[in-house]
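Report on one structure; see the data block that follows.
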Amino acid sequence: GSVVASYPYDDSPMHKPTGVYSKSADDEVFKYLAKAYASHHPIMRTGKPNCPGEEEETFQDGITNGAQWYDVEGGMQDYNYVWANCFEITLELSCCKYPPTSELQQEWENNRDSLLAFIETV
């Protein structure tokens, strides 16, 4: 996990594991939507999720192009965009895939304003 808003494409023509910006035709729209969410999240907007084992990982403005972060061949986000014209972003909301119950209230607080801003933007 991490704390970042990721947008298409997740796959790149070169299929390198990481570092290849894979621009879609609607790249600016995807960045706008990702920033709408990330800019309202207290951790995501810093671009520094500080996840255990990945402390040096950073994301400018709290967003990333999926393939630039890591290449995913055959992902649902890209499939829906290409074949159904659905605009999707992927929200990584926590360093931990399964946060303990004791942290869920804080996770809600961290994401509430972002979710409302994203809904308003859409």
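The values are calculated or read from the model by the stated rules, or taken from the named source; none is laboratory data. Source: prediction; values computed, not measured. When we count neighbours, we look across all protein chains shown, and the Cβ atoms used for this are built from the backbone with ideal geometry, even at glycine. Areas reflect the complete protein model, heavy atoms only, side chains present, ligands, DNA and RNA absent. Shrake-Rupley method; radii C 1.70, N 1.55, O 1.52, S 1.80 Å.
Heavy-atom accessible area, probed at 1.4 angstrom with all protein chains present, ranks Thr64, Thr46, Thr101, Thr121 as Thr101, Thr46, Thr121, Thr64, highest first.
FRET efficiency for Glu109 and Ala25, Cβ-Cβ distance as r, R0 = 35 Å, nearest 0.05? Calculated value: 0.45.
When +1 charges are put on Lys and Arg Cβ atoms and -1 charges on Asp and Glu Cβ atoms, the dipole computed for the chain relative to its Cα centre reaches about 140 debye. As a fraction of the 1.4 Å probe accessible area of the stretch 1-54, surface on carbon and sulfur atoms comes out at 55 percent.
Between the listed residues Gly75, Thr18, Ala36, the Cα displaced farthest toward the positive end of the dipole of the chain, a dipole computed from Cβ unit charges relative to the Cα centre, is found at Ala36. Calculated mean residue ellipticity, 222 nm, the chain: -11500 deg cm²/dmol, from DSSP H runs (n ≥ 4) at -39500 (n - 2.57) each, averaged per residue and rounded to 500.
Counting only cysteine Cβ atoms and a cutoff under 4.7 Å, the chain contains unmatched residues Cys86, Cys96. Computed over neighbours whose Cβ is under 13 Å from that of Glu57, the net charge equals -3, Lys and Arg +1, Asp and Glu -1. Average the reciprocal distances over every distinct pair of alpha-carbons in the stretch 4-120, invert the result, and give the Kirkwood radius in Å. Averaging 1/r across every pair of different Cα atoms and inverting gives 14.7 Å. For Glu103, the accessible surface of its heavy atoms amounts to roughly 80 Å² (probe 1.4 Å, protein chains only, rounded to the nearest 10). The 1.4 Å probe gives accessible areas that order Lys23, Lys35, largest first, as Lys23, Lys35.
For the stretch 1-44, the residues whose backbone nitrogen is under 11 Å from a point 7 Å from the Cα of Asp61, taken along Cα to Cβ, are 28-39. With contacts taken as Cα pairs under 8 Å at a separation of at least 6 residues, the stretch 4-120 carries a relative contact order of 38 percent. Protein heavy-atom accessible surface, 1.4 Å probe, per residue over the stretch 4-120: 61 Å².
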